[in-house]
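A short worksheet on the structure shown next.
No value in this document is a laboratory result; all are computed from the given coordinates. Note that the structure is a prediction, hence the values are computed from the model and not measured. Cβ sites come from the backbone with ideal geometry, for glycine too, and all protein chains shown count toward neighbours.
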């Protein structure tokens, strides 16, 4: 455990250290890269609650990522064109304020996770994987064929949304904001993992029959985990859209969902800092390998294959020397 | 006029459904016998299409192209099974998903490296290039009709193979108790390689047949793969009969939804709104169908109820 704590601290501090170094060397692109890694890490931290602790292999978490992205895109585009979002008995205006957008993204993706969870958690195993995948495709095709918000072309926002007291267009300030959110969520996840709810959820993964015998409902535990997990990934989606000032159906694509699982497993499944390590490693690989070869995804595929076949426990698991986190 | 259009769309739906069946049959066999969830099945479809396009470009023969697609996909399937997939049978679904996701990356980028990013074109054989007139005066492309016939023939052959041959008996026995047939002296790892190569060949054939209608390009397999997943979830994983019923349901729903839903909304909405709502809903129709089936039967139409 000591060793894992040291590795966790190193992983946690690597991102801000990189961002600060890039600030001193005046390389804003590297700061943006670190921000991207932190946002993808946040999405994967969300998934890790369902996947790592709950054992739910969701191949549809891009739904929540995309919903968060579109929450930002829709609100900001209405604010940008001064056209109210709802214009009936009540008038709802768009918004360029990050806290408002975050709230909508979190509530929207939590609601979607509730509906998808209620339907999908009736099944288990392969059926669950395929149903979450199918829900992802449903949102993907809907976003392509729904013309109001750009359809296939996506939606661009001219100026990054505002946060009170900060200049979000300054890369280091936006990074700081994202990193604080990531830290808060990580803290929350560590509390959840040690709470009675987290213990029960973990137990429901290991032995659902026993959990049921003591009077707890695995379905409800998993549903709550799925909803929290979706909400966190939705928040990451809103941030990701704000980073790029662009949303498109790609955020809903199933490759996105696949990559989130890759982050979690590459870093170390079920470990608090696993998704962070995995997302950083992936962004690093993406950045270095795409300079080496146009076909860099071949190398990513090969590395992933080797990790799955031979290095179970991922990056943190290999360094800390235990295969499974808390069993 | 509308009846003719409707019949044409039903035939299109049938054709899409039959092609989906070729994909779904392999997936469901592989899952039923080996318990493996194979995301890379779409890559085998792509390999079949590329092999066919390559051979057709070199020789000009469509029959040789189809044989090449079967051979290439089966060979790729057998190689992948022996080198990678074999190590995954004892693993949980998460590892299987990840490893086969990695295989997709390797296959897709490898194909892009070999053939480039531009789509290839596979020509419909000259004898089937024109339309045929069906009873009732319907003009329908001969090639699409050929696909339906070939697909049905392959489906019938597959049912016979499973029901009547020795290898079929072993496959069915493998589905119900793999340790037992191992103990009875069946070479189980050879059986697994054969089943995987068989599924791969079916996917490759579907890729080649569809490749002549659409373009042959990297990434063509994944949308079909996901539809095939929907098919086997609806039909019940492991059931070939379920795969056939599910494939036809999905093919017809997808095709007819795209035509009928905008028309239906057109009855009470203005045309442009009706088209956008109708086509948006049509793109989701099969997933709604799947959700409805699962609410009533969580293990699919023909799945084992546990």
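Compute the helix-to-body angle for B:93-115: its Cα long axis versus the longest principal axis of chain B, expressed 0 to 90° and rounded to tens.
Computed tilt is about 70 degrees.
For Cα pairs less than 8 Å apart in space and 6+ apart in sequence, what is the mean separation divided by the residue count of chain A, i.e. the relative contact order in percent?
32 percent
Can you sort A:96, B:241 from fewest to most other Cβ atoms within 10 Å of each residue's own Cβ?
Ascending Cβ contact count within 10 Å gives the list B:241, A:96.
The range B:255-297 to the range B:103-152: how many Å between their Cα centroids?
After rounding, the separation between the Cα centres reads 27 Å.
Once you put a point 7 Å from the Cα of residue A:289 and another 7 Å from the Cα of residue B:180, both along the Cβ direction, what distance in nm separates them?
4.4 nm
Distance in nm between label sites at residue B:89 and residue B:260, each 7 Å beyond Cα in the beta-carbon direction?
4.4 nm
Report, to one decimal in Å, the Kirkwood hydrodynamic radius for chain A based on all distinct Cα pairs.
20.2 Å
What's the angle, to the nearest 10 degrees (0 to 90), between helix B:142-164's Cα axis and the longest principal axis of chain B?
30 degrees
How long is the gain from residue A:111 to residue A:93 if the chain were fully straight, where each residue apart is worth 0.36 nm and the alpha carbon distance is subtracted?
Gain on stretching residue A:111 to residue A:93: 4.4 nm.
Which FRET efficiency value, to the nearest 0.05, do you get for residue B:129 and residue B:5 by plugging their Cβ-Cβ distance into 1/(1 + (r/R0)^6) with R0 = 30 Å?
0.85
Report the calculated FRET efficiency for residue A:3 and residue A:310 (r = Cβ-Cβ distance, R0 = 25 Å), to the nearest 0.05.
With R0 = 25 Å, the Cβ-Cβ based efficiency is 0.75.
Compute the separation of the alpha-carbon centres of the range B:1-68 and the range A:62-116 and state it in Å as a whole number.
The range B:1-68 and the range A:62-116 have Cα centres spaced 40 Å from each other.
Angle, helix B:188-211 long axis vs. longest principal axis of chain B, Cα atoms, 0 to 90°, nearest 10?
On a 0 to 90 degree scale, this one is about 20.
What distance in nm separates the two pseudo spin-label positions at residue A:27 and residue A:318, each 7 Å out from Cα along the beta-carbon direction?
For the pair residue A:27/residue A:318, the computed spacing is 2.4 nm.
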